[in-house]
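The values are calculated or read from the model by the stated rules, or taken from the named source; none is laboratory data. Source: prediction; values computed, not measured. As a convention, Cβ positions derive from the backbone with ideal geometry for all residues, glycine included, and neighbour counts pool all protein chains shown. Note: areas computed on protein heavy atoms with side chains; ligands, DNA, RNA excluded. Shrake-Rupley method; radii C 1.70, N 1.55, O 1.52, S 1.80 Å.
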Amino acid sequence: MKFVRYTLLAGLAIATPLTMAQTSTKLKVGLMLPYTGTYAALGNAIENGFRLRIEEQGGKLGGREIEFIKVDDESDPSKATDNVNKLIKRDNVDVLVGTVHSGVAMAMAKVAKDTGTILIVPNAGAEAVTGAMCAPNIFRSSFTNWQPAYAMGEVAAKKGVKKAVTITHKYAAGDESVKGFREALEKGGGQVVKDLSLPFPGVEFQALLTEIAATKPDAVYAFFAGGAAVKFVKDYAAAGLKKSIPLYGPGFLTDGTLDAQGADADGLITALHYADSLGTARDNAFRLAYAKTYKLQPDVYAVQGYDAAQMLAIGLTAAKGDITKHAQFTAAIEKARIDSPRGPFTLSKSHNPVQDIYLRQVVGKENKFVSVATKALADPARGCRM
Ligand code: PHB
């Protein structure tokens, strides 16, 4: 449907075509994130990053003003389908952005696929989202669980780790992370001698730490994030293990958590697609703007939220503000080089970032860049037919 806009210019009426989407209506973004529970800080950082990009673009993305409909998903997969259906059917959102927890994200991806709603995932690494469930309308601005895990496994093998113990919350993200680590460690000549886990979001680590002490591996690989990562790193040190058994993990173990972990995190080595001291002009500008706006230091989650907004803007611009033009929207993101604070990245055919994974080490309150662990790492996207 076309409207005609009449602009009075120097006494002349000029008619320019205007599509429905370019009217004054705001683009409704369904923001589904955890605002309570162990991942609450992650959800807030993602929203902050997303909003920062809008602010930088004068309050708009791709020419459209944005209206948020927010849902606290509580990182609870049992509520996820209802939550996402409400956003689509009751609130009529134009696009979904979420979430952190892999189990919730898989429910979102299923509904997005069934209804054809555009979905941008700003964290959750569930491999199925850009694997078996991949779809032209589903995008990710973050990572797959395999990516940092595999890079960390390669590094551990190079460091001579022969026997490792893994520990994680028992759900898709942890299971996939552990699997990626094992794959690379085994390739490099090491092995995982024990997999430990506890139900999400439990933090009763004591019995598991006792088991680690008794097993005496060369290293431990831990997948925890947010509040659970804070407690695990502190408990690991308190149990006296930090001195004797190196603790590795995907960078979630120490990202956005260092203020709370204090000296117990000092020296920890992790792998992730972001670090606090990249020192590029792009990242410096982002970090300065974020710190000024929120009086907080950004973390990987803030970057992923920021980049989700960048991807949405790229798609919208190509679709001239009309998000229902899926072909234009998708084609533009597929060929984009996204100018991320983490470093530029492109999307794979399955719509997951192809990106450098950095080795980082905790020094004081920073995850300091050490080296590029793996260059331009692409998830294998097992099961994606697109
Ligand atoms: C996930 O559930 O996929 C997940 C959650 C928190 C992280 C990373 C991955 O920091």
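Relative to the longest principal Cα axis of the chain, at what angle does helix 40-56 sit, 0 to 90 degrees, rounded to 10?
Orientation of helix 40-56: about 40 degrees from the principal axis.
Working from the pairwise distances between different alpha carbons, so that the mean of 1/r is found and then inverted, what is the chain's Kirkwood radius in Å?
Working: mean 1/r = 0.0469 Å⁻¹.
So the Kirkwood estimate lands at 21.3 Å.
What's the carbon and sulfur percent of the range 82-147's accessible surface, probe 1.4 angstrom, rounded to a whole number?
Numbers: 820 of 1630 Å².
Within the range 82-147, the accessible surface is 50 percent carbon and sulfur.
Run the simple label-point estimate for residue 193 and residue 89 please: 7 Å along Cα→C-beta, distance reported in nm.
Modelled inter-label distance: 5.3 nm.
By its C-alpha gyration tensor, with a ≥ b ≥ c as the square roots of the eigenvalues, how is the range 55-167 shaped: rounded for a/c under 1.5, else prolate for a/b larger than b/c, else oblate?
On the way: a/c = 2.50, a/b = 1.83, b/c = 1.37.
It is prolate, given that a/c is not under 1.5 and a/b is the larger ratio.
With all distinct Cα pairs included, what does the Kirkwood hydrodynamic radius of the range 193-328 come out to in Å, to one decimal, could you say?
Values: mean 1/r = 0.0574 Å⁻¹.
Answer for the range 193-328: a Kirkwood hydrodynamic radius of 17.4 Å.
Quick check: the angle from helix 226-238's long axis to the longest principal axis of the chain, C-alpha only, nearest 10 degrees?
The answer is roughly 20 degrees.
Rounded to whole Å and sorted largest first, what semi-axes of the equivalent ellipsoid does the C-alpha gyration tensor of the range 257-386 yield via the square root of 5 times each eigenvalue?
Ellipsoid half-lengths, sorted descending, are 30, 19, 11 Å.
With r as the distance between the Cβ atoms of residue 115 and residue 327 and R0 = 30 Å, compute the FRET efficiency 1/(1 + (r/R0)^6) and round to 0.05. It would help to have the intermediate numbers written out before the result.
Details: r = 17 Å, r/R0 = 0.58.
After rounding, the FRET efficiency stands at 0.95.
Mind checking the alpha-carbon convex hull of the range 90-248 and giving the volume per residue in Å³?
Working: hull volume 17.6 nm³, N = 159.
So the per-residue Cα hull volume is 111 Å³.
Give me, ordered by chain and number, the residues 5 or more places off residue 118 or on other chains with an amide H under 5 Å from its own placed amide H.
96
So, how do all the Cα-to-Cα distances of the range 239-302 break down into 10 Å bins, in percent, from 0 on up?
Reading upward from the zero bin: 19, 46, 27, 8, 0.
Work out the length of the dipole vector of the chain about its Cα centre, built from +1 on the beta-carbon of each Lys and Arg and -1 on the beta-carbon of each Asp and Glu, and round it to the nearest 20 debye.
Result for the chain is approximately 720 debye, rounded to the nearest 20.
Which of the three applies to the range 30-74, rounded, prolate or oblate, going by the alpha-carbon gyration tensor with a ≥ b ≥ c and a/c under 1.5 meaning rounded? Write out the running numbers ahead of the final one.
Details: a/c = 4.64, a/b = 2.02, b/c = 2.29.
Oblate is the answer for the range 30-74, as a/c is 1.5 or above yet b/c matches or exceeds a/b.
Please work out the FRET efficiency for the pair residue 292 and residue 170, using the Cβ-Cβ distance as r and a Förster radius of 45 Å; give the result to the nearest 0.05.
On the way: r = 40 Å, r/R0 = 0.89.
Efficiency, rounded to the nearest 0.05: 0.65.
Which stretch or stretches of the range 237-258 have amide N atoms under 17 Å from the point lying 7 Å from residue 206's Cα along the Cα→Cβ direction?
237-241
Placing +1 on the Cβ of each Lys and Arg and -1 on the Cβ of each Asp and Glu in the chain, which of 228, 202, 376 has its Cα farthest towards the positive end of the resulting dipole?
376
If you take the C-alpha gyration tensor of the range 183-240, multiply each eigenvalue by 5 and take the square root, what semi-axes do you get, largest first, in whole Å?
Numbers: eigenvalues 91, 39, 22 Å².
After diagonalising the Cα gyration tensor, the semi-axes are 21, 14, 10 Å.
Summing -39500 (n - 2.57) over the DSSP H runs of n ≥ 4 in the chain and dividing by its residue number, what mean residue ellipticity at 222 nm do you reach, to the nearest 500 deg cm²/dmol?
Values: 11 runs with 139 residues, N = 386.
About -11500 deg cm²/dmol.
Taking only protein heavy atoms and a 1.4 Å probe, what accessible area per residue, in Å², does the chain have with all protein chains in place?
Values: 15400 Å² over 386 residues.
Each residue of the chain exposes 40 Å² on average to a 1.4 Å probe.
How much accessible area does residue 26 have with a 1.4 Å probe, in Å² rounded to the nearest 10?
In the full protein context, residue 26 sits at about 100 Å².
If the cut-off is 20 Å between C-alpha atoms, which lysines fall inside it for residue 26, apart from same-chain ones fewer than 8 positions away?
2, 60, 70, 86, 89, 320, 325
Pulled fully out, how much extra length does the chain show between residue 337 and residue 78, if you take 0.36 nm times their separation in residues and subtract their Cα-Cα distance?
Details: separation 259, 0.36 × 259 = 93.24 nm, distance 3.60 nm.
Additional length available on full extension: 89.6 nm.
Report the full-extension gain for the segment residue 60 to residue 277: residue separation times 0.36 nm, less the Cα-Cα distance, to one decimal in nm.
Numbers: separation 217, 0.36 × 217 = 78.12 nm, distance 2.93 nm.
Additional length available on full extension: 75.2 nm.
Under a plain spin-label model, where a point goes 7 Å from the Cα along Cα-to-Cβ, how far apart in nm are residue 382 and residue 216?
3.4 nm
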